[in-house]
Amino acid sequence: MSTAFARERTLQDEIAPAVESRVPGVEVLAVELPSTNRIRVYIDHDDGVDHALCERVTYVLDAYRSEYAIEVSSPGPDRPLRKPEHFADAIGERVSIRSATRKNRYRGVVTDAGEDTITLDTGDAGEVHIPYEAIVRANLIDEGLTT
């Protein structure tokens with residue numbers, strides 16, 4: 001796994017408990033490093049995510065300002081998936097997954113979210129079983145509205 005993705009996981013492990021304990025109801029979905037000096041934190045809340053909530057979370061992350069520019073965002077339609085429960089909630093949904101092993105990328109429908117792996121129906125290539133620990137990034141695929 002690349003250093004950047006390892007650093008993302010470390011930041012996720014630091015940031016999520018700090019934010020979730022100080023801003024009630026907020027879930028930190030993902031922490032990403034789009035560049036070496038910028039972090040992007042995706043959050044969710046049962047009442048939705050607005051500018052005021054993003055601002056509250058940003059203040060919790062003040063200790064990181066000396067090293068990073070901070071972006072706090074709602075998950076949007078391409079919701080990030082990082083935890084097993086995120087994948088369980090995405091059963092039946094189309095997702096995109098980037099794996100650390102051989103830098104594989106997968107697209108397909110989540111058919112199972114087990115204890116250690118997810119099962120993805122990739123269509124022509126069949127089912128793929130991917131361990132959670134091998135997943136670097138995963139997101140729902142926004143297919144837009146169908147009429």
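Coordinate-derived values only; no laboratory data. Just so you know, these numbers come straight off a predicted model, no measurement behind them. All Cβ positions, glycine included, derive from the backbone under ideal geometry; neighbour counts span all protein chains shown.
Right, V60: in contact with a Lys or Arg (Cβ under 6 Å, 6 or more places away or on another chain) and under 24 Å from G25 (Cβ atoms) or not? Answer is yes for this residue.
With surrounded by 13 or more Cβ atoms within 10 Å (Cβ to Cβ), out of contact with any strand residue (DSSP E or B) (no Cβ under 8 Å at 6 or more places or on another chain) and closer than 21 Å to S21 by Cα as the only criterion, which of V49, V72, V60, V41 stands out? Quick ask: steps written out before the conclusion?
Details: V49 fails: out of contact with any strand residue (DSSP E or B) (no Cβ under 8 Å at 6 or more places or on another chain); V72 fails: out of contact with any strand residue (DSSP E or B) (no Cβ under 8 Å at 6 or more places or on another chain); V41 fails: out of contact with any strand residue (DSSP E or B) (no Cβ under 8 Å at 6 or more places or on another chain).
Step by step, each of V49, V72, V60, V41 is checked, and only V60 is surrounded by 13 or more Cβ atoms within 10 Å (Cβ to Cβ), out of contact with any strand residue (DSSP E or B) (no Cβ under 8 Å at 6 or more places or on another chain) and closer than 21 Å to S21 by Cα.
Just the residues that are among the acidic types (D, E) and either within 18 Å of G48 (Cβ to Cβ) or touching a Leu at 6+ places or on another chain (Cβ under 9 Å) (or both), please, taken from region 72-89. Within region 72-89, D78, D89 qualify.
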